[in-house]
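**Student:** Have a look at this one.
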Amino acid sequence: MALTIVHHPGYTIDLTVNHPFPMEKFRVLRQQLGEQALATPVEWLTPRPASVGALARVHTQAYLDAFLNGTLDRAAQRRSGFVWSDALVERVRLETGGTLLSLEVALATGLACNSAGGTHHAHADAASGYCLINDLAVAAAHALTKGWVERVLIVDCDVHQGDGTARLFAGVPGVFTFSMHAGRNFPARKAKSDLDIALANGMEDNAYLAVLASRLPGLLAAYQPDVVLYDAGVDVHRDDRLGYLALSDEGLYQRDAYVLACCREADIPVAAVIGGGYDRDIVTLAERHAQLHRAAADVLERTGE
């Protein structure tokens with residue numbers, strides 16, 4: 001059984017020299033995954049840009065008009081972390097389309113991964129923290145609207161709380177938001193997810209994995225989602241420059257393998273995105289993100305038919 005990974009060269013665009021967002025990681029991740037032997041073959045799929053209609057299910061028309069047409073003011077651009085450009089709009093729509101396609105494939109096959117995604121700080125009417133459109137929310141809303149599912153569980157293990165996702169789905173039936181994050185990290189003002197686990201600074205592999213294991217199986221059994229969207233941010237790594245936790249490379253792998261295996265063993269389709277990761281060494285950063293795809297292939301090899 002092949003592992004489906006969604007990728008588009010347009011995930012990477014040119015930014016100004018010394019821009020803090022590691023845009024090259026998507027290109028390098030694709031290169032690494034193409035060169036490495038995984039436990040299963042890989043089927044590469046290319047997404048289309050997400051439609052404006054899909055974006056409008058979670059974002060206000062006023063915000064979309066400003067973002068799509070380049071009329072965001074300077075304060076809004078500063079909050080997003082990016083200077084607006086046509087290329088940026090296309091990139092964001094492609095990334096969101098990749099998460100939509102990953103979810104659709106996961107519903108058909110049981111497991112799929114995007115090589116980008118996890119823009120969980122984007123709010124209905126504003127960008128924040130390098131997140132302009134909330135791809136997780138767009139995918140969840142799309143699946144519900146299409147009638148593909150009735151219950152979506154978002155498992156967010158990025159080091160930062162998924163505040164945008166939490167606010168978008170506050171009180172919304174059909175979506176359960178679970179965020180496990182560093183309690184003292186960005187954003188300063190946390191939202192209220194359906195389940196938040198705020199972790200202490202410096203938490204290492206064993207303690208982190210124990211907390212995850214104490215919550216995830218029970219949540220899957222109690223909520224019984226029709227699909228899981230998994231944000232596998234690697235900014236929980238001990239060397240990440242924006243994270244306050246202390247997972248190792250092996251810890252990242254164990255976390256991702258555990259989440260994916262729990263879903264597979266419960267016969268719940270799971271679509272995974274790479275989430276955040278911030279390191280000036282792009283090759284090393286891409287290797288951390290590749291742990292998700294390596295874990296996915298290993299889990300698929302063990303549980304595939």
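**Student:** So if I take the alpha carbon set of the range 164-231, get Rg, then get Rh from the Kirkwood formula, what is the Rg over Rh ratio? Don't skip to the end; give the middle numbers.
**Tutor:** Numbers: Rg = 12.8 Å, Rh = 13.2 Å.
So for the range 164-231, dividing Rg by the Kirkwood Rh gives 0.97.
**Student:** I'd like to check one number: the per residue accessible area of the chain, probe 1.4 Å, reported in Å² as a whole number.
**Tutor:** Details: 12220 Å² over 305 residues.
Ligands and nucleic acids excluded, the result is 40 Å² per residue.
**Student:** What number do you get for the range 1-56 when its Cα radius of gyration is normalised by 2.2 N^0.38 Å, N = residues?
**Tutor:** Values: Rg = 14.3 Å, N = 56, 2.2 N^0.38 = 10.2 Å.
For the range 1-56, the normalised Cα radius of gyration comes out at 1.41.
**Student:** How large is the dipole of the range 1-98 about the Cα centre if only Lys and Arg carry +1 and Asp and Glu carry -1, each at its Cβ, rounded to the nearest 20 debye?
**Tutor:** On the way: 10 positive and 9 negative charges, 44 e Å.
So the magnitude is around 200 debye.
**Student:** I would also like to ask the following. Kirkwood-based Rg over Rh for the range 93-213 (C-alpha set), two decimals?
**Tutor:** With Rh from the inverse mean 1/r over Cα pairs, Rg/Rh is 0.97.
**Student:** Divide the volume of the convex hull of the Cα atoms of the range 68-112 by its number of residues and quote the answer in cubic angstrom per residue. Could you put the intermediate results ahead of the total?
**Tutor:** Details: hull volume 3.5 nm³, N = 45.
Spread over its residues, the Cα hull of the range 68-112 gives 77 Å³ apiece.
**Student:** Moving to a separate point now. With no solvent and one equal point scatterer per Cα, compute the Debye intensity ratio I(q)/I(0) for the chain at 0.07, 0.08, 0.10 Å⁻¹ and report its log10, rounded to two decimals.
**Tutor:** Here the Debye-derived log intensity ratios amount to -0.22, -0.29, -0.47.
**Student:** Where does each of ILE282, ILE274 land when they are ordered by accessible area, with a 1.4 Å probe and the largest first?
**Tutor:** Descending accessible area places them as ILE282, ILE274.
**Student:** Which net charge results when you count Lys and Arg as +1 and Asp and Glu as -1 among the other residues whose beta-carbon is under 11 Å from that of LEU88?
**Tutor:** Working: positive: ARG91, ARG93; negative: ASP14, ASP86, GLU90, GLU95.
Net local charge, LEU88 excluded: -2.
**Student:** For GLU43, what residues show an amide H to amide H distance below 5 Å, using hydrogens built from the backbone and excluding near sequence neighbours?
**Tutor:** Amide H neighbours of GLU43, under 5 Å, 5+ apart: LEU3, THR4, ILE5.
**Student:** If you put +1 on each Lys and Arg Cβ and -1 on each Asp and Glu Cβ, how big is the dipole of the chain around its Cα centre, in Debye rounded to 20? Can you show the working numbers first?
**Tutor:** Working: 26 positive and 36 negative charges, 152 e Å.
Charge dipole of the chain: 720 debye, to the nearest 20.
**Student:** Taking 4 °C and 1.567 mPa s as the conditions, I'd like the Stokes-Einstein D for the range 159-278 in µm²/s, using the Kirkwood hydrodynamic radius from alpha carbon pairs. If you can, show how the numbers build up before the last one.
**Tutor:** Working: Rh = 14.6 Å.
The estimated diffusion coefficient comes to 89 µm²/s.
**Student:** Go ahead and estimate [θ] at 222 nm for the chain from helices alone: -39,500 (n - 2.57) per DSSP H run with n ≥ 4, summed, over the residue count, rounded to 500. Mind dumping the intermediate values first?
**Tutor:** On the way: 10 runs with 131 residues, N = 305.
Value at 222 nm, helices only, nearest 500: -13500 deg cm²/dmol.
**Student:** If you take the charge dipole of the chain about its Cα centre, with +1 on Lys and Arg Cβ and -1 on Asp and Glu Cβ, which of ALA191, TYR253, ALA141 is farthest toward its positive end?
**Tutor:** It is ALA191.
**Student:** Report the Cα centroid-to-centroid distance between the range 18-52 and the range 112-173 in angstrom, as an integer.
**Tutor:** 20 Å
**Student:** log₁₀ I(q)/I(0) of the range 1-146 at q = 0.09, 0.10, 0.14 Å⁻¹, via Debye over equal Cα point scatterers, no solvent, to two decimals?
**Tutor:** -0.28, -0.34, -0.66
**Student:** For the range 282-298, just list the computed ³J(HN,Hα) in residue order, Karplus coefficients 6.51, -1.76 and 1.60, θ = phi - 60°, integers in Hz, with x standing in for Gly and Pro.
**Tutor:** The phi angles translate into 5, 5, 5, 4, 4, 4, 5, 4, 5, 4, 4, 6, 5, 5, 4, 5, 5 Hz.
**Student:** Long-range amide H contacts for LEU111: which residues qualify at under 5 Å (H placed 1.01 Å from N, peptide plane, sequence gap of 5 or more or a different chain)?
**Tutor:** It is VAL270, by chain and number.
**Student:** Leaving ligands, DNA and RNA out of it, report the carbon-plus-sulfur percent of the accessible area of the chain at a 1.4 Å probe.
**Tutor:** Ligands and nucleic acids excluded, carbon and sulfur give 49 percent.
The values are calculated or read from the model by the stated rules, or taken from the named source; none is laboratory data. Predicted, not measured: the structure shown is a model, and the values here were computed from it. All Cβ positions, even for glycine, are placed from backbone atoms using ideal geometry, and neighbour counts span all protein chains on display. SASA here: full protein model, heavy atoms, side chains in, ligands and nucleic acids out. Shrake-Rupley method; radii C 1.70, N 1.55, O 1.52, S 1.80 Å.
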